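Student: My questions will all concern the structure given below.
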Amino acid sequence: MTTPTLTVSHPVDVAISPLLAARWSPRGFDADHQIDRDDLLSIVEAARWAPSAGNTQPWAFVAVRRGTTEFDSIVESLTGFNRAWTPRASALIVFAVVPERAGKMTAWVDYDLGQAAAYATMQAEHLGLRAHQMGGFDPEAIRDAFELPAGVIAKTVMAIGKHDSSEDVAPEIRRRDAGERDRLPLTELLIRPA
Ligand SMILES: Cc1cc2nc3c(=O)[nH]c(=O)nc-3n(C[C@H](O)[C@H](O)[C@H](O)COP(=O)(O)O)c2cc1C
């Protein structure tokens, strides 16, 4: 069987940073790739420097590398197909909100956490890695595994690793990775044209 050609394209309507234009969320990861501890920490550091409403930083992270019991606990918390492809990722990061820290700014805690995740994603891209976020997991399983305090709520899990399109990756995962990526046109999103 031949490896399908990766048909993923990044057809931007208007030129943007090459780093942003090249970003995508694969499921096929290289199970031999090991992420350096410092590289993983730099991804969390990027999240730390994201903006937040009133600089309240209403977030907390669990960052673990493949080959640890903590990594396996996160995989076990995932639902559906997420459990099939994440074991090959090099690291997993749980993104959690800490609403108590937000004071009067609670309206924006999810917004702020999303920015932190975007920053982490782009730091991973900067390192030549890919990130894939997931909402398909059981937050209570994460709470139990990591003894999260009552006020801390896991919102997403991010898989990080080196993309692998080789036959080492299961055909269904490669098939999904080879699918077309699309977006609504810019003209449909702009309420007022620039
Ligand atoms: C909050 C959030 C939750 C997501 N949940 C999942 C998920 O559970 N499983 C999955 O495979 N992808 C998940 N994704 C990835 C999206 O499907 C993906 O980002 C989207 O299809 C756009 O593709 P791209 O990132 O390659 O541009 C999630 C993304 C976000 C931001």
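Student: Using alpha carbon centroids, what distance separates region 81-126 and region 18-78, in Å?
Tutor: 8
Student: In units of 2.2 N^0.38 Å, what is the alpha-carbon radius of gyration of the chain?
Tutor: Taking N as the residue count of the chain, the ratio is 1.07.
Student: Hey, rough spin-label estimate for Val12 and Glu147, points 7 angstrom out along Cα→Cβ, what's it come to in nanometres?
Tutor: Placing both labels 7 Å along Cα→Cβ, they lie 4.6 nm apart.
Student: Relative contact order, percent, of the chain when contacts are C-alpha pairs under 8 Å separated by at least 6 residues?
Tutor: Averaging sequence separation for qualifying contacts and normalising by length gives 33 percent for the chain.
Student: Work out how far the C-alpha atoms of region 16-110 reach from end to end along every principal axis, then list the three figures in whole Å, largest first.
Tutor: Sorted largest first, the three principal extents are 44, 35, 28 Å.
Student: Modelled label-to-label distance, Thr68 and Arg83, 7 Å Cα→beta-carbon offset: nm?
Tutor: Those two pseudo-labels are separated by 2.3 nm.
Student: If each of Asp38 and Arg175 carries a label point 7 Å out from its Cα toward its Cβ, how far apart are those two points in nm?
Tutor: That separation, rounded to one decimal, is 4.3 nm.
Student: Follow-up. With +1 on each Lys and Arg Cβ and -1 on each Asp and Glu Cβ, and nothing else charged, work out how big the dipole of the chain is about its Cα centre, in Debye to the nearest 20.
Tutor: 420
Student: Which residue, Pro139, Pro171, Pro149, tops the fluctuation ranking in a GNM of the chain built on C-alpha contacts under 10 Å?
Tutor: For the chain, modelled as a Gaussian network with Cα springs under 10 Å, the answer is Pro149.
Student: Lys and Arg at +1, Asp and Glu at -1: add these up for the other residues within a Cβ distance under 14 Å of Ala150 and post the number.
Tutor: Within the 14 Å Cβ shell, the charges total -2.
Student: Highest GNM mean-square fluctuation, the chain, Cα pairs closer than 10 Å: which of Ala53, Ala31, Ala15?
Tutor: Comparing Ala53, Ala31, Ala15 in the GNM, the peak value goes to Ala15.
Student: Let me ask something else. Do me a favour and compute the ellipsoid semi-axes for region 130-194 from its Cα gyration tensor, root of five times each eigenvalue, largest one first, whole Å.
Tutor: 30, 25, 9
Computed from the coordinates by the stated procedures, all read-outs in this text should not be read as laboratory data. Please read all numbers here as calculations on a predicted model, not as lab measurements. Positions of Cβ are generated from backbone atoms using ideal geometry, with glycine treated the same way; all protein chains shown enter the neighbour counts.
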